[in-house]
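Written below as C-alpha cells is the structure these notes are about.
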There are 2 protein chains.
Amino acid sequence: MIIDCHGHYTTAPAAHTTWREVQQAAFRAGESPPAYPTVSDDEIRESIEGSQLRLMRERGIDLTIFSPRASAMGHHFGDEAVSLAWTRACNDLIARVVKLYPEHFIGACQLPQSVGVPISHAVAELRRCVEELGFVGCNLNPDPSGGHWTSPPLTDASWYPLYEAMVELDVPAMVHVSAVTNPNFHATGSHYLNADTTAFMQLLQADLFKDFPDLRLIVPHGGGAVPYHWGRFRGLTDMLGRPSLDESVMGNVFFDTCVYHQPGVNLLFEVVDVDNILFGSEMVGAVRGIDPRTGHYFDDTRRYVEALSLSPGDREKVYEANARRVYPRLDSALKRRTREEVN
Amino acid sequence: MIIDCHGHYTTAPAAHTTWREVQQAAFRAGESPPAYPTVSDDEIRESIEGSQLRLMRERGIDLTIFSPRASAMGHHFGDEAVSLAWTRACNDLIARVVKLYPEHFIGACQLPQSVGVPISHAVAELRRCVEELGFVGCNLNPDPSGGHWTSPPLTDASWYPLYEAMVELDVPAMVHVSAVTNPNFHATGSHYLNADTTAFMQLLQADLFKDFPDLRLIVPHGGGAVPYHWGRFRGLTDMLGRPSLDESVMGNVFFDTCVYHQPGVNLLFEVVDVDNILFGSEMVGAVRGIDPRTGHYFDDTRRYVEALSLSPGDREKVYEANARRVYPRLDSALKRRTREEVN
C-alpha cells in the first residue's frame with residue numbers, strides 16, 4: 001500500500017474557517033467567541049471527496065496521515081486559551097474525516113502551542129488526540145512566534161515534557177512551522193524550508209537522542225536544504241567535534257519526499273538512506289499547480305518516486321514500511337484492520 | 001583562468017582580530033577603543049601564504065574575490081560608529097592583501113550596516129572601497145540583527161539607496177548574513193542557508209529588478225535550499241501570479257558553487273542555467289575538514305565542478321566569463337592587467 005505521511009486539511013468547510021476569523025476578531029475585541037458552528041458530515045464529505053480524496057485516488061495513494069492545515073495553526077495569535085480552542089476544533093474535524101473515511105485517513109494532531117507557554121500545557125491535547133481520537137502523530141512547531149524565532153531550540157530541556165509524552169505514547173512529531181507575521185519570510189516559500197534546515201542543525205549540535213533514544217522526528221519538505229548540502233552537514237559534524245550524522249541523528253530523524261521536481265527527489269535518494277525517507281506529498285497544499293514542463297501536478301510526488309530505479313524492497317520501505325515503523329500506532333491500526341477483514 | 005567569487009579573509013592576523021575584541025569591550029564599557037594596531041606586511045603574508053594562497057595554488061584557483069570574514073561582520077553589535085570603524089579596518093586589510101598579491105586577490109567589501117540605521121549611511125564606504133581601493137563588489141547583509149530578522153525584506157524601498165549606488169558604480173552584491181545571537185540558528189549550518197533561501201523568495205515575490213534592471217545579486221552557498229526545491233519555487237511563481245523565474249529573477253541573480261558534495265553540485269547544474277552559476281568555494285571558511293569518503297577537502301569545490309561533463313565553453317563561463325560579466329570592474333581590472341603585460 002502507499003501511505004502519504006504528509007497531508008493537511010487545507011480544504012476544510014467554510015464554517016470552520018469562518019469560525020476562526022470570528023474567534024480572532026473576538027479576541028481582538030476582548031470578547032468571547034461564539035460557539036463553534038455545526039458542520040455536517042455532508043459538508044466534510046464535499047470538502048474531501050472533490051479534492052484530497054480525488055487526488056489520492058488519481059495518484060494511487062491509499063492512506064494519508066492527515067493533520068490540520070499547517071499555515072492556519074497560527075500559534076503566534078492570541079493567547080493560550082485561543083490556541084487551545086482552535087486546536088481542539090481543528091483536531092476534532094480531522095477525527096471526523098477519519099471516521100468518515102477510515103480506510104483513507106488517519107489523524108496527526110496540531111498542538112495548542114502559544115508564545116511563552118510551557119510545552120507541558122500541550123501534552124493533554126496530544127494525549128486526548130492519541131488516546132481518545134486514535135491519532136498516530138503530531139505536528140510540532142519549533143517557532144510558535146510566527147517567524148520571529150523567540151523560542152529556545154528544539155534540543156532545549158524546556159521541550160522535554162512533550163518528548164516524554166511522545167515516547168510514552170509512542171508517537172512521532174513532524175517538525176512543522178505555521179504562518180508568519182515577519183515580512184522577511186514567505187510561509188511556504190522560505191519559512192517552512194528554513195525551519196526544516198534550522199531544526200536539523202539543532203539536532204546535529206546536541207544530544208537530544210541520547211536523552212530520548214526512542215524519540216522520532218520527521219523533518220518535512222525533503223529536509224529543507226539539508227540533503228542538497230549533505231556534505232556541508234557531514235563536514236560540520238567533523239568541525240564541531242560531533243558524532244557522525246548516522247550515529248547521532250539519522251537513527252531518529254526522517255525526511256519526507258515533498259520535493260517538487262525530479263532532480264530534487266533524485267538527490268534525496270542519492271544521499272539519504274532509504275530507511276530514513278517516508279513518502280509524502282504535502283497535498284493539497286503549498287504548490288497546487290501543474291508543471292508546464294511535465295504536464296503533471298508539481299506535488300504529485302509519487303511520479304518522481306516511481307521514476308527512481310528503486311528495488312521493490314526499497315519502494316515498499318518508502319511507501320509503507322518506514323511509515324509503519326515511525327508511526328507504530330499506524331502499524332497497529334492497519335494490523336487491526338487486517339484482522340477485522342479476516343474475521 | 002579560474003576565479004573564485006567567494007573567499008573570506010578568515011585567517012586575518014591576530015592583531016586585527018584582537019582589536020575587534022578590544023573595540024567591543026570598550027563599547028560595552030562606554031569607552032573609546034584604542035587606535036587600530038600596526039599590522040606588518042609580513043604578518044599579512046604569513047596569514048595568507050600558508051592558508052588561502054596555498055590552498056588556491058593546490059586547487060588551481062588563479063584569483064579570489066576576497067572579502068572580510070563574513071561571520072565577523074557582526075552588524076548586530078554596538079552602534080553605527082562601532083560598525084563603521086570595524087568595517088573600515090576590515091576593508092583596509094583586504095586592500096592590503098590585494099596590494100601584496102594583486103594577481104591572486106581582488107576586493108569585495110563589507111558594509112557598515114547597523115540595526116535601524118538607514119542603508120544610505122553605508123553608501124560612502126561602498127564608494128570608498130570601489131573608487132579608492134579598487135574593490136569590485138560588496139557583501140550585503142539582509143539581517144543585520146544577527147538572526148532576529150528585524151529589517152524589512154531586501155525588496156523594500158528602504159534598501160534602494162544602496163542599489164542606486166551599486167548600479168551607478170556597476171558592482172554587484174553577494175547577499176551574505178553574519179554571526180547570530182539567536183540560539184535557534186547556527187551561523188554556517190542554518191542561518192547562512194536560510195538567508196539565501198529567504199532572499200531568493202523575497203526576490204521572487206517582488207519587482208525589484210523592474211526598478212533596477214542592472215542590479216546584480218549573488219545568492220551564495222549554492223542558492224541555499226533553492227535549487228533542491230526548484231520545482232517548488234517554479235510552482236510558487238505560478239500560484240502567486242508572478243512572472244516565471246527566468247523572466248523576473250534569473251536575469252539578475254546568480255548562485256555560487258559552494259555546495260560541498262558531488263550530488264549537490266550535480267543538481268545545481270542540472271536545474272540552474274550555466275549562465276547563472278559562478279565558481280566559488282567559500283574557502284577558507286565554513287567547512288575546513290577532509291571528507292573521509294573522498295579523501296579531499298569538503299570545500300574543494302573545483303573537484304565537483306571538474307567531475308561534471310561540462311563543455312569547454314560552459315566550464316569557461318563558470319570559472320571565468322560569468323564572474324567577469326557579473327563583476328564588470330573585475331573584467332576591467334583583468335583587461336588592464338593584460339594590456340600592461342603586453343606593453
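At q = 0.14, 0.20, 0.22, 0.23 Å⁻¹, work out log10 I(q)/I(0) for the range A:272-343 with the Debye formula, treating every Cα as an identical point scatterer and leaving solvent out; two decimals please.
Summing over Cα pairs of the range A:272-343 leads to -0.60, -0.94, -1.01, -1.03.
After finding the eigenvalues of the alpha carbon gyration tensor for the range A:112-182, what semi-axes result from the square roots of 5 times each, listed largest first in whole Å? Spell out each step's value before the answer.
Working: eigenvalues 91, 34, 21 Å².
Gyration-tensor ellipsoid for the range A:112-182: 21, 13, 10 Å.
Give the carbon-plus-sulfur fraction of the accessible surface of the protein assembly as shown in %, rounded to a whole number; probe 1.4 Å, heavy atoms of protein chains only.
Carbon plus sulfur share of accessible area: 50 percent.
By Kyte-Doolittle mean hydropathy of at least -1.0 and Cα axial length of at least 15 Å, which whole DSSP H helices of chain B are selected?
On the way: long enough: B:14-29 (22 Å, -0.56); B:80-100 (30 Å, 0.59); B:192-205 (20 Å, 0.21); B:328-342 (21 Å, -1.46).
Correct list, ordered by number: B:14-29, B:80-100, B:192-205.
Any idea how far apart residue B:57 and residue B:38 come out in nm if each label point goes 7 Å out from Cα toward Cβ?
Distance between label points: 2.9 nm.
With heavy atoms of protein chains only and a 1.4 Å probe, what residues of the range B:218-245 have at least 40 Å² less accessible area in the full set of chains than alone?
B:228, B:229, B:231, B:232, B:234, B:236, B:239
Which ³J(HN,Hα) values, rounded to whole Hz and listed in residue order, are derived for the range A:312-319 from phi using the Karplus coefficients 6.51, -1.76 and 1.60 in 6.51 cos²θ - 1.76 cosθ + 1.60 with θ = phi - 60°, glycine and proline given as x?
Coupling constants for the range A:312-319: x, x, 5, 4, 5, 4, 5, 7 Hz.
Just the number please: accessible area per residue for the range B:9-143, 1.4 Å probe, all protein chains included, in Å².
40
Tell me, what is the FRET efficiency for residue A:15 and residue A:337 to the nearest 0.05, using R0 = 25 angstrom and their Cβ-Cβ distance as r?
Taking R0 as 25 Å, the efficiency between residue A:15 and residue A:337 is 0.20.
Once every DSSP H run of n ≥ 4 in the protein assembly as shown is given -39500 (n - 2.57) and the sum is divided by its residues, what mean residue ellipticity at 222 nm do you get, rounded to the nearest 500 deg cm²/dmol?
-12000 deg cm²/dmol
Compute the label zone of residue A:45 within the range A:87-105: residues whose backbone N is under 20 Å from the point 7 Å along Cα-to-Cβ.
Backbone N within reach: A:93-105.
Would you work out the relative contact order for chain A, in percent, from Cα pairs under 8 angstrom that are 6 or more residues apart?
Relative contact order comes out at 17 percent.
Put the label 7 Å from Cα along Cα→Cβ for residue A:127; what are its distances to the other copies, in nanometres, shortest first?
Values, ascending and in nm: 6.7.
Need one value for A:180-187: mean number of C-beta atoms belonging to other chains within 10 Å of its residues' C-beta atoms.
Neighbouring Cβ atoms belonging to other protein chains average 6 per residue here.
Relative to the compact-globule scaling 2.2 N^0.38 Å, provide the ratio for the alpha-carbon radius of gyration of the range B:213-256.
1.16
Can you tell me the convex hull volume per residue for the protein assembly as shown, based on C-alpha atoms, in Å³ to the nearest whole number?
Considering the Cα atoms of the protein assembly as shown, their hull volume per residue is 161 Å³.
In the range B:70-139, if every C-alpha pair distance is counted and binned at 5 Å from zero, what percent goes to each bin?
For the range B:70-139, the pair-distance distribution reads 3, 19, 28, 25, 14, 7, 3, 0.
Averaged over peptide A:291-299, how many Cβ atoms belonging to another chain are found within 10 Å of each residue's Cβ?
If you average over the peptide's residues, the count of other-chain Cβ atoms is 2.
Protein chains only, probe 1.4 Å: how do B:310, B:111, A:240 rank by accessible area, largest first?
A:240, B:310, B:111
Give the lysines reachable from residue A:335 as a straight Cα distance under 23 Å; neighbours fewer than 8 places away on the same chain don't count.
Of all the lysines, those that pass the test against residue A:335 - Cα under 23 Å, at least 8 places apart if same chain - are A:99, A:317.
Could you tell me the total accessible area buried at the B-A interface, probe 1.4 Å, in square angstrom to the nearest hundred? Please list the in-between numbers first.
Values: alone 14540 and 14580 Å², together 24420 Å².
When B and A are taken together, about 4700 Å² of accessible area is lost.
With Kirkwood's inverse mean 1/r over C-alpha pairs for Rh, give me the Rg to Rh ratio of chain B, two decimals please.
My calculation of the ratio gives 0.95.
Determine one quarter of the surface area of the Cα convex hull of the range B:204-343, which equals its mean projected area, and express it in nm² to one decimal.
Working: hull surface 41.5 nm².
For the range B:204-343, the mean projected area of the Cα convex hull comes to 10.4 nm².
I need the inter-copy label distances for residue A:290: point set 7 Å along Cα to C-beta, values in nm with one decimal, smallest first.
In nanometres, ordered from closest: 5.4.
May I ask you to list the trypsin sites (Lys or Arg not before Pro) in the range B:252-343 that are in a DSSP loop and have at most 12 other Cβ atoms within 10 Å of their Cβ?
B:293
Could you state the accessible area per residue of the range B:175-312 in Å², with a 1.4 Å probe and every protein chain left in place?
The answer is 28 Å² per residue.
Using 0.36 nm per residue, how much length does the chain from residue A:240 to residue A:273 gain when fully extended, once their Cα-Cα distance is taken away?
Taking residue A:240 through residue A:273 to full extension adds about 9.6 nm, to one decimal.
The values are calculated or read from the model by the stated rules, or taken from the named source; none is laboratory data. Keep in mind the model is a prediction, meaning the values are calculated, not measured. Quick reminder, even Gly has a Cβ in these numbers, built from the backbone with ideal geometry, and neighbours come from all protein chains shown. Surface areas here come from the heavy atoms of the whole protein model, side chains and all, with no ligands, DNA or RNA. Shrake-Rupley method; radii C 1.70, N 1.55, O 1.52, S 1.80 Å.
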